[in-house]
Amino acid sequence: MKQLLRIFKVAFQAINKNRSRSLLTMLGIIIGVAAVIMTISAGEGASKQVRDEISGLGSNLLMIRTKEEHRGGINVRMGRPIDKKDLEILQKSSVWMPKISPLVGIGAQVISDDGYISTTVYGVSNQYFDILSRELVSGTVFTAEDVASAKKICVIGETIRKEVFPGQDPIGRQVRIDKVPFTVVGLLKEEGEGTMGQDQDDIVIAPYTTIQNRLFGHRRGFNMIIASALSEDHILDAEIEATELLRESHRILNRDEDDFEITTQIELQEITGNVTGILTLILGAIASISLIVGGIGIMNIMLVYVTERTREIGTRLAIGARESDILTQFLIEAIVLSLTGGVLGIILGIVGNQIIYKVTEFYIPTVAYSILIGFGFAVLVGVIFGYFPARKAAKLNPIDALRYE
């Protein structure tokens, strides 16, 4: 133990003699460890934000849409579109899905006397607001009767209000959506940007019957049907029930595949979790390249150390030091450089996360395993890239080393 402590003491003394050179050598390790910590932490922060936003939609959401296949650069529908007949069957026969809404979307210009904006207009039922937990700050949502009578009313997001009714209360005002007049009856609570950077307040919501009759020209199909299961525990029951009802509606035989697909909240979280996990892994791998560069720097400086201390090595070998002693000495010096760089890199990574959070307000949790990965990689780099110079020092011929000038 005393021998090991003495070796570490000599290693620190050797590094301390050339502080500037040692710091420059460690710079690659410092930057590499900090980059690994910050990229992995950023990936974790993004994953958490995605999970939170998906959870904000509720834990019992189902999305039903026509199955599509990618052919020749375009998406091709594989079966009958989800339509009004499917909606009616689900509404009439479903036990596990108490709230169901179709969804149709169309790009359109929304115009008032004070402004205009190009946006997406969604046609839904009155149950849409409960399914996706969209709240209002003023006005009211439209009712089932409004949907049945295809009333020309709409609910708008805050971005639409700012562009179309700047500084004004939009409730009761009129807008034209592709030349069709609509009365604004509600203003949605502001939600800001989504996970992928989309503006969740750049939205107009109207009865789907109105959108289909007035803007789509009596189109029957829907982009999708969204529904909420009775509870999170019954989401699988709701998925099985919806599958059976739609197979019956589409007259699909037992041996044939579904021409629709159902995505649940759980599946959506798994998909996004896998995507962000892969992204975090890739970013971490890219960041670790700088650690390899730092390792090359350590190997280079250790070779310089061996050259500069050739006579010292020869003297130690001549008075009885073993090859293993010389090997251990130089290997520990390389590891100490890496460890010191690793510790400084951890500090820089943690501080960097806090700076990013303060500047961008994007929450980056410094996860423990990112520190372990960065520090472990630094140690590994020190061992791998320090071994060759250490072995070279240990293999020096004592007589040739003593003669070295």
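Out of everything in the range 64-86 that is of a type in the set (A, V, I, L, M, F, W, C) and buried (at least 18 other Cβ atoms within 10 Å of the Cβ), what residue ends up being modelled with the lowest pLDDT?
82
Kindly indicate whether residue 373 is touching a residue at least 60 places away in the same chain (Cβ under 8 Å) and over 21 Å from residue 47 (Cβ atoms).
no
Can you tell me which of 292, 384, 373 is modelled with pLDDT under 80 and touching a helix residue (DSSP H, G or I) at 6+ places or on another chain (Cβ under 8 Å)?
Just one listed residue meets the conditions, 292.
From the list 164, 185, which residue is under 15 Å from residue 128 (Cβ atoms) and of a type in the set (A, V, I, L, M, F, W, C)?
185
For residues in the range 388-402 being closer than 18 Å to residue 328 by Cβ and surrounded by fewer than 17 Cβ atoms within 10 Å (Cβ to Cβ), which is modelled with the lowest pLDDT?
My answer is 398.
Tally up the residues in the range 317-339 that are within 40 Å of the chain's Cα centre (by Cα) and among the small types (Gly, Ala, Ser), please.
2
Which ones in the range 262-280 are out of contact with any Ser or Thr (no Cβ under 8 Å at 6 or more places or on another chain) and modelled with pLDDT of 75 or more?
263, 264, 278
Considering 214, 219, 176, which residue is at pLDDT below 90 and either in the same structural domain as residue 49 (by TED's automatic domain parsing) or not in a helix (DSSP H, G or I) (or both)?
219
Checking the conditions here, which among 89, 160 is farther than 23 Å from residue 231 by Cα and at pLDDT 90 or above?
160
Would you check which residues across the range 350-375 are exposed (fewer than 14 other Cβ atoms within 10 Å of the Cβ) and either in a helix (DSSP H, G or I) or more than 16 Å from the chain's Cα centre (by Cα) (or both) and list them?
Selection gives 351, 354, 355, 358, 359, 360, 368, 369, 372.
The values are calculated or read from the model by the stated rules, or taken from the named source; none is laboratory data. Treat the numbers as computed from the prediction; the structure is a model and nothing was measured. With ideal geometry, Cβ positions are generated from the backbone for all residues, glycine too; neighbour counts draw on all protein chains shown.
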